[in-house]
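Asker: Below: one structure in structure tokens.
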Amino acid sequence: MRASGIVKRFGSREALRSVSLETEAGERVAIIGPNGAGKTTLLSILAGISRADEGEVDSPNGEVGWVPQQAALYRRLTVEENLLLFARLEGHKDPRASAEEMLELTGLGERRGEIVARLSGGNQQRINIAIGLLSRPAVLLLDEPSVGLDPRQRSRLWEFVSSLADRGATVIFSTHDIQEAERYGGRLLVLADGEALFDGPPEELREAVRREAPEAADRDFETAFVAYLHHRGH
Amino acid sequence: MHGVRWLLLKDLQILRRSPLQAVLLVVYPILIAVLVGFAISRGPEDPRVAFLNEVPAGTRITVGGEKLPQANVKGRICQRVECIFVSDRKEAEDKVKSGDALAALILPANLVNKINSLSTLTPGVPEVEVLVNEENAVKAELVDDRITTLLAQANLAIARRIGSEGGRYLDLIVNGGEFKALGGTFHILGLRTSAQILGAVLPTLPKDLRPSLEQVIKFASQARDNLDVAKPLIDRLAQPIAVDKVVVGGESPPLEIFAIAVAATFTLAFVVVLLVAGSLALEREENAFPRLTRGLVSTSGLVGEKILLGIAIGLVVTLLMLIGMQFFVPLEMGRFGLWLAAILVAGAALGAAGAALGAAAREVRAVSLLAFMLILPVAFLSLVPSGAVSPAVFDAIRYFTALFPFKPALQAITAALDETGPGIGAPLLHLAVLFLAYAAIARLALRRFATV
């Protein structure tokens, strides 16, 4: 997937200022930054939901899976009905088999008949992700996928996402959690006020933080990162 | 179309899982049907009026010394209102004060004497007494209208009776006959016979007397002719102005058919607009809209699916309601094809309007409130007849209601139910235009407002 010079404006405010990103197959890219940095806007443009005011996006045609921040599913349908519906809408030859596969993948097979509204936020998020995976996308975009999940669920989620990347899928996710980004992202894209401040592996970000905010270098990475943003004017 | 089918199935599943919505969709129209059905089949209730007749039994109105037959005032009044017979004034007052009766009508003991005095040199003013409880303006207006109508009818009945008696006396003067008075029977010669007798006598008289007699014969003939003319005039005096109703336009179906059409259109409008607007807003409330429109289904397909859902449910519910109405008013089943056409096209236009609403709002609750706020005033304004408001206001209402599908839907369903009145073609065309316009607005609104 390749995005170059992406600009997005909401009225007079620039939500993204010439952001570029190019990914390889199997890469795991974490987009990090404070609230309002433009993470969701960038992901929605990559997903083809929003249109950029300037710049271009090249993506594998029809092979971009998208998992929005808020679960995009029908809470009055059961787990299985949701998966079946989206498998049918995607034109799967055997929608039942696809739904079964996702039920197994998410570990929700035993709760297939339950109305989604009665499930915990974590389980709803698992179905949300499973729906995004139904199309077996070459690129998977996840917008803050671990929000609302407990540590065990987070662990399962990242294990699952990592396995997809290991099988060649490109995974691009946004998160507020620096530790999570460092741990599961092979590459970090730092956004602040719509501007890309950094793009590279976690080690290089640590180095940049040490270099630009030496007073915070001995403290934990999150504190150091905040100091780094401050030094960069954000 | 592939995606539309599965989305339609999904919406029906969701509907099935929402018992309150499902119950409302079924119970609401049935309730409307039953209420309208009862109202139509029973007609308006007669108001309850306490009735006190103090006129002594056997007292009759007298014209020219002749007593008229009994007018049966009690029977005439109690045909038009539900009479509660009371024995005295206090009881009448109590009935009105307690709200048991809308009003009390008291015929005083001297009423007939006062009426009889009208033909004397010292005429009185006959009065009836009415007790009312004007606890609210609507009730007061209703009582005033009823009493005015009753009095007009009573005056008309008496005037007709007097006119009829007057005509009989004139007939006696013109044509002669038997006249009963003071316990005896008198023979009246009459102008016609008098003239005939004088005519027969005329040739036998000396020539110098004949001109005078000829003048008398001529007078008798002129008087007869003029009195002949006077008789119909006396008849007309009772009701000088007759009503000749000529329908020059706006031929309308029977009231009960129109009432059924109103109930059916109300039901269709509420079910379709609320369902389409609500289900479209639900796609956004559940955040599913962007996921769906990322290649799974087009915006037009999504709008079309919601309209189809509205039409399908609206058709079933409205047909159920019309079939329910059959228990109260027989409808022409031979026009079933037209029913279907009217409901389908009206459902499509109403659905498109609902989609435009649903596309503009993000929450189901907000859009439901919006739908109620729109449907109720539009429906109310659509029922305002010409002449009820000033021409300028009516024109404004006409143009405003033409922008919404309720009025043409009502016209189409009315035309489908009954052949009287304007045809179904024009309202169907109007609905088709509104469907296209609202579907386009819905598409635009979804693109404009439905962002992540």
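Asker: Would you say B:Glu285 is surrounded by fewer than 20 Cβ atoms within 10 Å (Cβ to Cβ), in contact (Cβ under 8 Å) with a residue 40 or more places away in the chain, within 14 Å of another protein chain (Cβ to nearest Cβ) and under 17 Å from A:Leu77 (Cβ atoms)?
Answerer: So B:Glu285 passes the test.
Asker: Read through the list (1) more than 9 Å from chain B (Cβ to nearest Cβ); (2) buried (at least 17 other Cβ atoms within 10 Å of the Cβ); (3) within 19 Å of A:Leu188 (Cβ to Cβ); (4) of a type outside the set (Lys, Arg), then give the number of the only condition that A:Thr41 fails.
Answerer: So the condition that A:Thr41 fails would be (1).
Asker: So is B:Gly310 touching a residue at least 24 places away in the same chain (Cβ under 8 Å), in contact with a helix residue (DSSP H, G or I) (Cβ under 8 Å, 6 or more places away or on another chain) and closer than 19 Å to B:Leu434 by Cα or not? Reasoning before the result, please.
Answerer: Working: touching a residue at least 24 places away in the same chain (Cβ under 8 Å): yes; in contact with a helix residue (DSSP H, G or I) (Cβ under 8 Å, 6 or more places away or on another chain): yes; closer than 19 Å to B:Leu434 by Cα: yes.
Yes.
Asker: Which of the residues that make up region A:38-62 are at pLDDT below 90 and out of contact with any Ser or Thr (no Cβ under 7 Å at 6 or more places or on another chain)?
Answerer: Listed by number, the residues that qualify are A:Ala47, A:Gly48, A:Ile49, A:Arg51, A:Asp58, A:Ser59, A:Pro60, A:Asn61, A:Gly62.
Asker: Counting only residues that are part of a loop (DSSP other than H, G, I, E, B) and in contact with a Gly (Cβ under 9 Å, 6 or more places away or on another chain), which one in region A:48-87 is nearest to the other protein chains (Cβ to nearest Cβ)?
Answerer: My answer is A:Ala72.
Asker: Of all residues in region B:1-14 being more than 9 Å from every other protein chain (Cβ to nearest Cβ) and surrounded by 14 or more Cβ atoms within 10 Å (Cβ to Cβ), which is nearest to A:Glu80 (Cα to Cα)? Break it down stepwise before answering.
Answerer: Pass one, region B:1-14, residues more than 9 Å from every other protein chain (Cβ to nearest Cβ): B:1, B:4, B:8, B:11-12.
Subset that is surrounded by 14 or more Cβ atoms within 10 Å (Cβ to Cβ): B:4, B:8, B:11.
Working: B:Val4: 19, B:Leu8: 17, B:Asp11: 15 Å.
Going through the qualifying residues, I end up with B:Asp11.
Asker: Now a separate question. When the residues of region B:74-91 are filtered to those that are in a helix (DSSP H, G or I) and of a type in the set (A, V, I, L, M, F, W, C), which remaining residue is surrounded by the fewest Cβ atoms within 10 Å (Cβ to Cβ)?
Answerer: Restricting to residues being in a helix (DSSP H, G or I) and of a type in the set (A, V, I, L, M, F, W, C), the top hit is B:Cys78.
Asker: Could you please let me know if B:Val27 is modelled with pLDDT of 70 or more, surrounded by 12 or more Cβ atoms within 10 Å (Cβ to Cβ) and of a type in the set (Val, Ile, Thr)?
Answerer: Criteria not met by B:Val27.
Asker: Kindly list the number of the only condition in (1) closer than 30 Å to A:Ala25 by Cβ; (2) part of a helix (DSSP H, G or I) that fails for A:Glu110.
Answerer: (1)
Asker: Let me ask something additional. Among residues belonging to region B:145-168 that are farther than 24 Å from B:Asp46 by Cβ and among the aliphatic types (A, V, I, L, M), point out the one that is farthest from the chain's Cα centre (by Cα).
Answerer: Only one residue tops the list, namely B:Ile162.
Asker: Which condition from (1) touching an Asp or Glu at 6+ places or on another chain (Cβ under 7 Å); (2) within 26 Å of A:Glu180 (Cα to Cα) is the one that A:Lys8 breaks?
Answerer: Exception for A:Lys8: condition (2).
Asker: Additional query: If you go through region B:316-340, how many residues are buried (at least 16 other Cβ atoms within 10 Å of the Cβ) and either modelled with pLDDT of 95 or more or of a type outside the set (A, V, I, L, M) (or both)?
Answerer: Qualifying residue count for the region: 5.
Asker: Does region A:46-97 hold any residues that are surrounded by 21 or more Cβ atoms within 10 Å (Cβ to Cβ) and without any contact (Cβ under 8 Å) to a residue 12 or more places away in the chain, and which are they?
Answerer: Answer for region A:46-97, where residues must be surrounded by 21 or more Cβ atoms within 10 Å (Cβ to Cβ) and without any contact (Cβ under 8 Å) to a residue 12 or more places away in the chain: A:Glu81, A:Leu85, A:Arg88, A:Leu89.
Asker: Restricting to region B:159-181, name every residue that is in contact (Cβ under 8 Å) with a residue 12 or more places away in the chain, surrounded by fewer than 16 Cβ atoms within 10 Å (Cβ to Cβ) and either at positive phi or of a type in the set (Asp, Glu) (or both).
Answerer: The one that is in contact (Cβ under 8 Å) with a residue 12 or more places away in the chain, surrounded by fewer than 16 Cβ atoms within 10 Å (Cβ to Cβ) and either at positive phi or of a type in the set (Asp, Glu) (or both): B:Gly177.
Asker: Oh, and also: Only helices (runs of 4 or more DSSP H) wholly contained in region B:323-440 count here; list those with 3 or more residues that are over 27 Å from the mean Cα position of the chain (by Cα).
Answerer: B:336-360, B:364-382
Asker: OK, next. Return the residues of region A:52-94 that are polar (S, T, N, Q) and under 18 Å from B:Leu8 (Cα atoms); say none if nothing qualifies. Let's see the steps before the verdict.
Answerer: Taking region A:52-94 first, the residues polar (S, T, N, Q) are A:59, A:61, A:69-70, A:78, A:82.
Those that are polar (S, T, N, Q) and under 18 Å from B:Leu8 (Cα atoms): A:Thr78, A:Asn82.
Asker: Of the residues that sit in region A:5-38 and are within 14 Å of another protein chain (Cβ to nearest Cβ) and outside any loop (DSSP other than H, G, I, E, B), which one is nearest to B:Arg294 (Cα to Cα)?
Answerer: Applying the filter and picking the extreme gives A:Lys8.
Asker: Looking at B:Phe400, B:Phe394, which is the one that is more than 22 Å from B:Ile441 (Cβ to Cβ) and not basic (Lys, Arg)?
Answerer: Matching residue, one of B:Phe400, B:Phe394: B:Phe394.
Asker: Within region A:139-164, how many residues are hydrophobic (A, V, I, L, M, F, W, C) and more than 20 Å from A:Ser50 (Cα to Cα)?
Answerer: Going through region A:139-164 one residue at a time, the tally reaches 7.
For (1) surrounded by fewer than 21 Cβ atoms within 10 Å (Cβ to Cβ); (2) on the phi < 0 side of the Ramachandran plot; (3) modelled with pLDDT under 85, each residue gets a yes or a no:
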| residue | (1), (2), (3) |
| --- | --- |
| A:Arg111 | yes, yes, no |
| A:Leu119 | yes, yes, no |
| A:Gly122 | yes, yes, yes |
| A:Ile129 | no, yes, no |
| A:Ser135 | no, yes, yes |
| A:Gly148 | yes, no, yes |
| A:Gly168 | yes, no, no |
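Asker: Quick test for you: out of B:Ser212, B:Ser164, pick the one residue that is at pLDDT below 80 and in a helix (DSSP H, G or I).
Answerer: Only one candidate qualifies: B:Ser164.
Asker: Oh, and also: Examine region B:290-305 for a residue that is part of a helix (DSSP H, G or I), free of Cβ contacts under 8 Å to residues at least 24 places away in the same chain, of a type in the set (A, V, I, L, M) and within 12 Å of chain A (Cβ to nearest Cβ), and state whether such a residue exists.
Answerer: In the first step, residues of region B:290-305 are kept if they are part of a helix (DSSP H, G or I); the result is B:290-292, B:299-305.
Add one more test, that the residue is free of Cβ contacts under 8 Å to residues at least 24 places away in the same chain, and what stays is B:291.
From what's left, of a type in the set (A, V, I, L, M): none.
Checked region B:290-305: no residue is part of a helix (DSSP H, G or I), free of Cβ contacts under 8 Å to residues at least 24 places away in the same chain, of a type in the set (A, V, I, L, M) and within 12 Å of chain A (Cβ to nearest Cβ).
Asker: Separate question: Would you mention how many residues in region A:98-118 are among the aliphatic types (A, V, I, L, M), more than 9 Å from every other protein chain (Cβ to nearest Cβ) and either without any contact (Cβ under 8 Å) to a residue 12 or more places away in the chain or more than 21 Å from A:Ser163 (Cα to Cα) (or both)?
Answerer: Looking only at region A:98-118, we keep the residues that are among the aliphatic types (A, V, I, L, M), and these are A:99, A:102-103, A:105, A:108, A:115-117.
Subset that is more than 9 Å from every other protein chain (Cβ to nearest Cβ): A:99, A:102-103, A:105, A:108, A:116-117.
Within this subset, residues satisfying the condition of being either without any contact (Cβ under 8 Å) to a residue 12 or more places away in the chain or more than 21 Å from A:Ser163 (Cα to Cα) (or both) are A:116-117.
Qualifying residue count for the region: 2.
Asker: While we're looking at this one, here's another question. For region A:46-77, give me the residue count where each residue is over 21 Å from A:Arg136 (Cβ atoms) and out of contact with any strand residue (DSSP E or B) (no Cβ under 6 Å at 6 or more places or on another chain).
Answerer: Residues that pass the stated criteria total 7.
The values are calculated or read from the model by the stated rules, or taken from the named source; none is laboratory data. Please read these numbers as outputs of a predicted model, since none were measured by experiment. All Cβ positions, glycine included, derive from the backbone under ideal geometry; neighbour counts span all protein chains shown.
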